[in-house]
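Notes for the one structure printed next.
The values are calculated or read from the model by the stated rules, or taken from the named source; none is laboratory data. From a predicted model like this one, the values you see are computed outputs, not experimental measurements. When we count neighbours, we look across all protein chains shown, and the Cβ atoms used for this are built from the backbone with ideal geometry, even at glycine. Ligands, DNA and RNA are excluded from the accessible area calculation, which covers all protein heavy atoms including side chains. Shrake-Rupley method; radii C 1.70, N 1.55, O 1.52, S 1.80 Å.
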Amino acid sequence: MSEDFQNEFAFLGIESSPAFVREPEGNGCIECFFRPLKEQLLWAHHFQSLPELVRALEEFRALYNQH
């Protein structure tokens with residue numbers, strides 16, 4: 001990964017955990033989240049502002065985690 005990207009991870013306190021080649025199950029958990037996120041929110045709505053998108057993402061996360 002690029003140095004800038006790695007620096008952003010460090011700044012945000014995120015630990016990189018890359019998937020391995022020919023082992024798709026490594027990405028399975030996040031893919032199970034990203035698919036409904038894209039289908040139910042990002043592709044279905046047009047957001048007028050960044051704060052509107054942030055609110056929608058927070059609501060989606062809460063709904064996804066509860067149901």
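In table form, for the structure just shown:
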{"item": "Average accessible area per residue (Å²) across segment 1-54 - probe 1.4 Å, nucleic acids and ligands excluded", "result": "90"}
{"item": "Gyration tensor (Cα) of the chain, equivalent ellipsoid semi-axes in angstrom", "result": "25, 19, 12"}
{"item": "Rounded to 10°, Cα long-axis angle of helix 50-66 versus longest principal axis of the chain", "result": "80"}
{"item": "Percent accessible area from carbon and sulfur atoms, the chain, protein chains only, probe 1.4 Å", "result": "56"}
{"item": "Among 13, 36, 49 the positive-end extreme of the charge dipole of the chain (Cβ point charges)", "result": "36"}
{"item": "Charged-residue dipole, Cβ positions (Lys, Arg, Asp, Glu), the chain about Cα centre, Debye nearest 20", "result": "260"}
